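Undergrad: Mind looking over this structure? Questions follow.
Just so you know, all these numbers are worked out from the coordinates, no wet-lab data involved. Please read these numbers as outputs of a predicted model, since none were measured by experiment. With ideal geometry, Cβ positions are generated from the backbone for all residues, glycine too; neighbour counts draw on all protein chains shown.
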Amino acid sequence: MAKNPNQLCVFCGERPQSKTKEHIIPRWLIEKTGDPKRQGRFAFDFNQGRPVEFAFDQFTLPACQSCNEQFSDLENYAKGVLTKLESGTALSEVDITFFLDWLDKIRIGLWHGNLRLTGDRYKVQPRMFIQPRLGMHDRMVAIYRSPVVSQRINFVGHDTILFQHIPSCFLLIINNLFFFNMSRDFLFARRIGFPYPTQLRSKGWGGPVEYFLTEGIHRIMKPILKTPIISPCLEFYQPNAYARFVNANPELYSRPYVVERCLDWRGAESNVLVGKILTSRPDGKMIFLNGEYTPEQQVLTNVDDYSLKITLAEQTLRHQLAMFREILQYEYEDVSVRHKMIKLYEYGKKQNGILIERLRNGNL
Ligand SMILES: [Zn+2]
């Protein structure tokens, strides 16, 4: 009997042994940001043409008890890091790495929730689960601080058609902090001097992608992201890659430039190459962190809470489009797959365009 993906554990993708419910937005965060019974908008139902809304504490997915327990450590860690970010105290590389893991978890959790709530119009099967996806690709977070401190949690970009197909970019708002988060394979590898693909070949619809890598340029190019983001902000980038890329291209990854900028470049323990954290100093210089780091306040001046929200929401929708455009550059073995991707992109472009227009008209 085929597995129904809606019944699988959101962490490991298996049938839950001892089934529990995982809160996609963890309880501690729901409580920190307001009344747990308040309504949230978690998806857009394309069949019904309306948003899907219900109480925050009802937003759950199935999970194994053991997976749930395992991930509660990450929740505790993230909670501590969030407190440090709020107060502006020192962070370690480990803090930032765990926080990026946690953002991966929330982003993929929202994606699963979204697919299960939208009536499956586009037949996207959630083949990717939280545990195997955590920390596997280049990832970044840009943190912005609003002058207004209010209790809230919001997401932007989690309910678009582009996110359904590529759940790689979203905005999370927690009280007065805004987290712009992205993660994709080789998102900024080339621009930070790491090996990068010159050619990608897609095997089929939703199938594996073959990468042809080349030597990195061994220096940092600015901006780190091809589509730049609004600055100043507190920004962290971590280059990660599957260990199989390292094993298939040992000559590219064993260069001192790469080795010196990795925490675990062979990926021996975790099946992944883990890069050091890259950040920007207030003078604009990009540095790889070594040990403790006290973030200096980098605040956008003359921006009120409302404009910050609108601007960052627009940034999120634009980056989703830019990412999808890059995927259209792949070489597709099956031409019909490429046509399908173009059609999706056109649809997503229209949808994100409408959302951007609404934002500009003050409708968030
Ligand atoms: Zn599980």
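Undergrad: Which entries of LYS79/LYS222; LYS105/LYS343; LYS222/LYS340; LYS32/LYS285; LYS32/LYS105 show an alpha-carbon separation above 24 angstrom in the structure shown?
TA: Distance filter (> 24 Å) returns LYS79/LYS222; LYS105/LYS343; LYS222/LYS340; LYS32/LYS285.
Undergrad: How big is the range 54-201 by the Kirkwood estimate over distinct Cα pairs, in Å?
TA: 16.9
Undergrad: How many nm separate the modelled label positions at GLN199 and LYS343, each set 7 Å beyond the Cα in the direction of the Cβ?
TA: Inter-label distance under the simple model: 2.8 nm.
Undergrad: Please give the length that would be gained between ARG38 and GLU210 if that part of the chain were fully extended, namely 0.36 nm times their separation in residues minus their C-alpha to C-alpha distance (nm, one decimal).
TA: That works out to 57.4 nm of additional length.
Undergrad: Given Cβ point charges of +1 (Lys, Arg) and -1 (Asp, Glu) and nothing else, what value in debye, to the nearest 20, does the dipole of the chain about its Cα centre take?
TA: Dipole about the Cα centre, nearest 20: 920 debye.
Undergrad: So, by mean Cβ neighbours within 10 angstrom, what's the order for 49-62, 143-156, 231-244 with the highest one leading?
TA: 231-244, 143-156, 49-62
Undergrad: Set the Förster radius R0 to 35 Å, insert the Cβ-Cβ distance between ARG281 and ARG152 as r into 1/(1 + (r/R0)^6), and round the FRET efficiency to 0.05.
TA: Calculated value: 0.70.
Undergrad: Would you calculate the volume per residue, in Å³, of the smallest convex hull containing every Cα atom of the range 158-275?
TA: In the range 158-275, the Cα hull volume divided by residue count equals 139 Å³.
Undergrad: When you take every Cα atom in the range 24-92, what is the radius of gyration, and what is Dmax, the widest Cα pair distance, in Å?
TA: In order Rg, Dmax, the Cα atoms of the range 24-92 give 15.3, 47 Å.
Undergrad: Expected output is a single nm value to one decimal: the length gained when fully extending between ASP73 and ASN4, i.e. 0.36 nm times separation in residues minus the C-alpha distance. What is it?
TA: The span from ASP73 to ASN4 would gain 22.0 nm if fully extended.
Undergrad: With every atom except the alpha carbons ignored, what do you get for Rg and Dmax of the range 5-360, in angstroms?
TA: Rg and Dmax of the range 5-360, Cα atoms, are 19.7, 55 Å.
Undergrad: For the chain, what does -39500 (n - 2.57) per DSSP helix run (n ≥ 4), summed and divided by total residues, give at 222 nm, in deg cm²/dmol to the nearest 500?
TA: Result for the chain: -11000 deg cm²/dmol, rounded to the nearest 500.
Undergrad: In nm, to one decimal, how far is the modelled label at THR311 from the one at VAL259, with both set 7 Å along Cα→Cβ?
TA: 4.3
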